[in-house]
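Single-structure report; data block below.
FYI, it's all coordinate maths here, none of it is from the lab. Keep in mind the model is a prediction, meaning the values are calculated, not measured. Glycine also receives a Cβ, built like all others from the backbone with ideal geometry; neighbour counts cover every protein chain displayed.
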Amino acid sequence: PVDRANLLSSASSSSSLSQQEVATKIKQTHRLTVLLKHCSEQLLAEYVRHQGEPFSSPDFQPPAMAVPGLPSPSVPPEAWLALSDGKRLWHLAAAYTTLPGLLGSVLQQQAELNPLASELHRQLEAAARQCRGLAGNLEGIMGALGVPGPPPPSSSLGGPPPSAFLAKLSGYHVCRLHRDWAMRSHEALGLLRTKYPL
Amino acid sequence: FSWEVSCLRNDKSQPTLIPLTPQILNLSADFSTYTLYLKWNDSGSVFQHELDASWQIQILYKETMETINYDSKLTGKDSILFWNWTSDIPLECTSYYVKIRCYINELYFTGRKEWSEWSPVRTVPEKDTKPNSAMVFPQDKVVLVGSNVTFCCLYNEGKSVKFMNYGSESYPLLRLSKWSSAIKVQNVNASIPSGTNILCSLVPDDLEGTVLFVGYAPDTPQNLNCETRTFITITCSWNPGRPTALYTKRQTKYILFERISREKVTCKVDELNEKHHCDFPVHANQKIYNFTLGASNPLGQAESSLLIDVNQRVHLETPDKFTVSTNSSTNAHLSWYIPGNFIKIRLLCQIEISNSNSERQLNVSMAGAENSNYRARVDALHPYGTYTFRVRCSASEYFWRWSKWSEGKKLTTLEA
C-alpha cells in the first residue's frame, strides 16, 4: 500500500490520466503480456526447429551468453518481487525498448541462414511488433505513474556475426531472453493489476 | 667434360657430392583450401649442365611427420621452384613446420652422393600456439555430400574438451596438441538450409561451434528455353535440376552469356521458385543469339547452351483491352492491344467466335506494329445473334507459340 500510495501521489501531479484510465491501461497491458508469453514460447520452439541439432534437442542448455543491450531477467524472483513497482516497470521498459532491435537483427540473420523459413520470419516480425507495443504501453503507464523512463536502447546485435554458428547461438539467446522477459512482464503486470483494480 | 663442384666436400679419401643446403624463400598458407605453398631456389647455377635433382620436403604437424618426395631438373641456372601441399585438416588446427633437403643424381659422378643438410625449419604460425579464445574450425565451410571432414576445436590453457558433436552425434576425440582436439566425420549428408552444427563442449563451462554446409554442385540447367515476348527483351527460362541444398550466399548463381555480342547478364533468380528465368536485351541488328547459361556455386559449375533466331521465337503477350462492337446485323468489329515492337514481322491472330450451338475460328494476318492496338472485322454473323469472341496471336512467318487467349467478350448483332 505504501508503494502504491507514493506512486499515486506522484502520478496525480505528473499526468492527466485518471486512476480509472491508469487501471484500464494496466489491464490492457497485462492482456498483451499474456499474448506475448504465448507467442514467445512459440517463437523459441520455431526458432530451434530451424537451427538443427543440438539446438532442437530438448536438453540443449548452452551456457548463458550476454546479449549486448539486453539484460537477462536474472534478478531472482524474490528479489524481483521486492522491487518497487516503479523499479520493475523501469526494468521491463528497458528490456522492451531493446528487444525489437535485437529481434530485427535475428530476423536478418535468419533470412540469410533460413531463407525458406517464412513462418519463422513472420513470428520474428510479430514479436518485434508486440515488443514495440508493450514498450509503448509501459511508457504510458510509467508516465501516468510518474516513473522516469529507461535510457534509449542500443538498437541491434551489432554487425553481422563472424560465423553462422554464432548467428544461430546469439539468435537462440535473444529468443530465450524474449521468452524469459515475457514471463516476467506477465507476472509483474499481473501484480500491478491487483494493486490497480478497475 | 667438366663440372664445378661447389658443394663438394673435399674428402681426400673419396670425393662426396653433397648439394648446398637449400633455403626456403617463402612458406604461405591458404586456410580456405587447407593448402601450404612453398617456394625455394634450386641453386641450379652451381652446375654447368642439366642434372636430375630430388627433393625431400618434411612437414611436421600434429606430433607426426609427413615426408614428401619431389623431383626437378637443374638447368644450369638458378630457378625458383614452387610446390604446394593440401592438408586433410584445417591449417588453423595445428602449427606446421616445413624443412627441405636436396639430393643430386649426377650419373657421371663416381663418388658417393649424399643428401644435403635440412634447410632451416619454416613455420606457418597457427592459432593453436596459445589461441586467445576457443574456436572450432573450419568455419562455415561448404563441402560436397559424401565428403569426409575433420573438425578441430582450439581452446585456452586450463580448458579441455568434454565432447565434440557433429549434429546430434558424438565422435571420438583425436588429440592434435595441448590446445587442440579434433573429430573426423565420414561421408557427410546434405545439411539443412542453416547448415549442420558442430559443437565443442569445453570444461569447465563453455560452448564453441561451427557450421558445415553440405550440398551438391549445380546441376546442368534443364529445359533451357529462350523467347521474346515483346522484341525488347529475350527471356530465357530453365529448370535448375537437382536442388543443391545450398541457399542465399551459397546458392547457385546464373550468368547468361551471349557469344555473338559477347554480352553477359547476371541473372536474379528466386531460390524459392521452381522455374528460373532471366532477361537479355534484344539487339537492333542481331537475329541469331548463341546463349550459354552458366550455373556456379561454391562446389562447382555447369552450363547449358542454346542457339536461337529471335524471329523464330516470338511468344506474344496475352491480347489486352479486347473490345467488340457492331453497328450491323451481320458483322462485328474487334480491337485489342499487344505490348511490344513487332514492326519487323507480321502477326497471325486467331479469332474464336462461339454461340450457343456453334464455334468457329477465323485466322487473320496483319502487319506488326509497336505497342499498338490491332483491329479485325468478323462477317457472316446472324442477325440478332449473341456471340462470344476471344482472340490470340502469334508470329505469322515463323510460328513458335500462340499467346494466351484474351478474355472473352459477348456481343449481340442488330436485328435484320
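Below are the figures for this structure:
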| item | result |
| --- | --- |
| Semi-axes of the equivalent ellipsoid for the stretch B:357-416, Cα gyration tensor, largest first, Å | 26, 13, 11 |
| Kirkwood hydrodynamic radius of the stretch B:19-114, from inverse mean 1/r over distinct Cα pairs, in Å | 14.5 |
| Surface/4 of the Cα convex hull for the stretch B:299-416, nm² | 9.9 |
| Globularity index of the protein assembly as shown, i.e. its alpha-carbon radius of gyration over 2.2 N^0.38 Å | 1.49 |
| 20 Å reach of a label modelled at B:Glu407, 7 Å along Cα-to-Cβ, counting backbone N of the stretch B:317-331 | B:317-326 |
| For residues of B:188-201, the mean tally of beta carbons on other chains within 10 Å | 5 |
| Histogram of C-alpha separations across the stretch B:36-177, 10 Å bin width, % | 9, 32, 25, 17, 12, 5, 0 |
| Cα convex hull of the stretch B:245-351 - mean projected area over all directions, nm² | 10.1 |
| For the stretch A:100-198, convex hull volume per residue from C-alpha positions, Å³ | 99 |
| Rg(Cα)/(2.2 N^0.38 Å) for the stretch B:256-314, N = residue count | 1.23 |
| Assigned charges on the beta-carbon of Lys, Arg, Asp, Glu; chain B dipole about Cα centre (debye) | 820 |
| Segments A:36-45, B:22-31 sorted - mean Cβ within 10 Å per residue, highest first | A:36-45, B:22-31 |
| Neighbouring partner chain Cβ atoms per residue of A:58-67, average, 10 Å criterion | 2 |
| Hull volume in cubic angstrom per residue (convex hull over the Cα atoms of chain B) | 231 |
| Charge dipole (debye, nearest 20) of the stretch B:54-203; +1 at Cβ of Lys and Arg, -1 at Cβ of Asp and Glu | 180 |
| Dimensionless Rg ratio for the stretch B:133-260, taking C-alpha atoms and the 2.2 N^0.38 Å reference | 1.50 |
| Exposure proxy ranking, count of Cβ atoms within 10 Å, fewest first, for A:Thr97, B:Thr252 | A:Thr97, B:Thr252 |
| Unit charges on C-beta of K, R, D, E only; dipole of the protein assembly as shown, Debye | 1300 |
| Förster radius 35 Å - calculated FRET efficiency between A:His38 and A:Thr194, Cβ distance, rounded to 0.05 | 0.95 |
| The stretch B:200-247 - Kirkwood radius from inverse mean 1/r over Cα pairs (Å) | 14.9 |
| Computed Rg/Rh of the stretch A:91-141, alpha carbon atoms with Kirkwood Rh | 1.08 |
| Charge sum, other residues only, whose C-beta stays under 12 Å from A:Glu41's C-beta, Lys/Arg counted +1 and Asp/Glu -1 | +1 |
| Out-of-range pairs (alpha-carbon distance over 30 Å; input B:Lys162/B:Lys253; B:Lys249/B:Lys404; A:Lys37/B:Lys249; A:Lys27/A:Lys87; B:Lys73/B:Lys184) | B:Lys162/B:Lys253; B:Lys249/B:Lys404; A:Lys37/B:Lys249; B:Lys73/B:Lys184 |
